[in-house]
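First up is the structure itself, then whatever we jot down about it.
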């Protein structure tokens, strides 16, 4: 039973709350995309996702993909090829990309919030256009050294959806530690021939587009060892003359979830490829694609948790079990009360709702910062926005995927045994979401990135920029009486976060291993404070609205739950960080 409805009202509110018309519509590049135009676009997009893609979600999960070892082909689940053709025909693959290459040119914040609806409707389907979008991002910033496969030739095909893209990093012996990769690229005329095996390649082979462009990490013959010896190449499935490039799918993985998304072993057998960017500097191009993917993974948590919450709420409104402990709430006309009378059911629903809406707010804010970082006319504003995107991307990837999975589990708990059955979509959401904590850099890798790279970057400037945003918001809200408890809570936890940051930094200077032990707990503390910041920005936008306004009442009661019962978790994480590494490192591994 699918109960999902696109949260367009909340999306519009967030764009208004974060001053979309002033900050984004005010940029010359986006002058035709005022808020009403953006929402009209999102409404059409959401209708397609809910009406066309959502019905394919359960059938795709059951049917999966079919691999043919004789010709190395992969057939996607019934309906996917036709749905993709409609998706591309409607221009949805082109939303945020430059008009000069055939894109629609919409702000990234619009396409990003739309992607939540796409993922909630059909996560497996979403992974093909999602990876293609990441490849487009990489090619917009890094040039291909080829006339035939120059960016100007590749981008229109990818943006139109005629071609799709992949990201080929992992090898059987090398996942997180890409410095170990062995795929080689030998010079061949004006290009290269690549040989090696890549695994876990999403949509590495499929039947829905006429060509596939692989972005591949490999080593040149003169490459230095380790991560500094990696170069990046584009490797097409079909060459310009229509002949088959020798890059073949060697099989598809059998997975816990995302069954309708082919996860492939890809064998490169002297496959022709063209260099992207500079030799031995390939990680720059790959990280452009990776960072887009990491934001998208955080959105996956929001999307599936929202869909699970809606299913649980729909179930709870109809389900009757036991009697209320409050005599005033007992329904004397029924043998049992609706489960919404039970405080613990409300606790679970509010746990989901308060963090889902906080995470969606964070996604919107990061995406708006992304637009500003690329297109704002003021250089200082561009730099500040870029700092915030860099700092918060590992947080939304890690905390969004982790809390999203927890919220799906909580939604299942609301539904009891019904949630565990395939009669409702929540069990599929749980299976589909679990991978998000693993791929595009495991969540601990995100924590190490935050603590080991982002915090020290530019002498700590990124953290100072974020702290400045929090301080400014607290100052703006300090004299608003109805916001007083929220301001006080955020002020307390932001000060605690600053203290934890300083203490952790001092400890790490004395012992590098400390970061490895405490980074994940620190990221979760940081994330909870960040959601508190985003929640206060939402409440600030509601000040002055009629007290009976439904949205206002909903936001304030949901925020109250977050600030009183979720944000306090930040103190527990701070205490864990303060303990340091000893409980993890002073251990006899033979006793594990």
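Computed quantities for the displayed model
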read-out: Label point distance in nm, residue 346-residue 571, each placed 7 Å from Cα along Cα→Cβ; value: 2.4
read-out: Rh by Kirkwood over Cα pairs, then Stokes-Einstein D for the range 12-149 at 1.306 mPa s and 10 °C, µm²/s; value: 95
read-out: Anisotropy class of the range 245-308 from Cα gyration tensor, a/c 1.5 cut; value: oblate
read-out: Approximate spin-label separation residue 62-residue 480, in nm, with each point projected 7 Å along Cα-to-Cβ; value: 4.9
read-out: Pairwise FRET efficiency - residue 546 versus residue 467, Cβ, R0 = 41 Å, nearest 0.05; value: 0.75
read-out: Packing-based exposure ordering (other Cβ within 10 Å, fewest first) of 147, 205, 427, 513; value: 147, 513, 427, 205
read-out: Hydrodynamic radius of the chain per Kirkwood, over alpha carbon pairs, in Å; value: 25.1
read-out: Nearest 10 degrees, 0 to 90: helix 569-579 Cα axis against the chain principal axis; value: 60
read-out: Proportion of all alpha-carbon pairs of the range 442-487 beyond 11 Å (%); value: 70
read-out: Gain upon complete extension [residue 71, residue 499; 0.36 nm per residue less C-alpha separation]; value: 148.1 nm
read-out: Whole-number Å³ per residue for the convex hull built on Cα positions in the range 483-545; value: 61
read-out: Segment residue 241-residue 5, extension gain: residue separation times 0.36 nm, minus the distance between their alpha carbons; value: 80.4 nm
read-out: Neighbour-count ranking [beta-carbon atoms within 10 angstrom, fewest first] of 142, 173; value: 173, 142
read-out: Cα pair count fraction exceeding 21 Å, expressed as % - the range 394-469; value: 45
read-out: Euclidean distance between Cα centres, the range 435-484 to the range 32-92, Å; value: 34
read-out: Rg over Rh [alpha-carbon atoms, Kirkwood Rh] for the range 287-423; value: 1.18
read-out: Cα-based equivalent ellipsoid, the range 442-592: semi-axes from gyration tensor eigenvalues, Å; value: 34, 17, 12
read-out: Approximate spin-label separation residue 378-residue 444, in nm, with each point projected 7 Å along Cα-to-Cβ; value: 4.3
read-out: Helical mean residue ellipticity (222 nm; -39500 (n - 2.57) per DSSP H run of 4+; nearest 500) of the chain; value: -18000 deg cm²/dmol
read-out: Residues in the range 405-445 that a label on residue 180 would reach, taking backbone N under 13 Å of a point 7 Å out along Cα→Cβ; value: none
read-out: Directionally averaged projected area (convex hull, Cα atoms, the range 58-121), nm²; value: 5.8
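Quick note: the coordinates plus some simple rules give every number you see, no bench work behind them. The shown structure was predicted, so the numbers you read here are calculated from the model rather than taken from an experiment. Quick reminder, even Gly has a Cβ in these numbers, built from the backbone with ideal geometry, and neighbours come from all protein chains shown.
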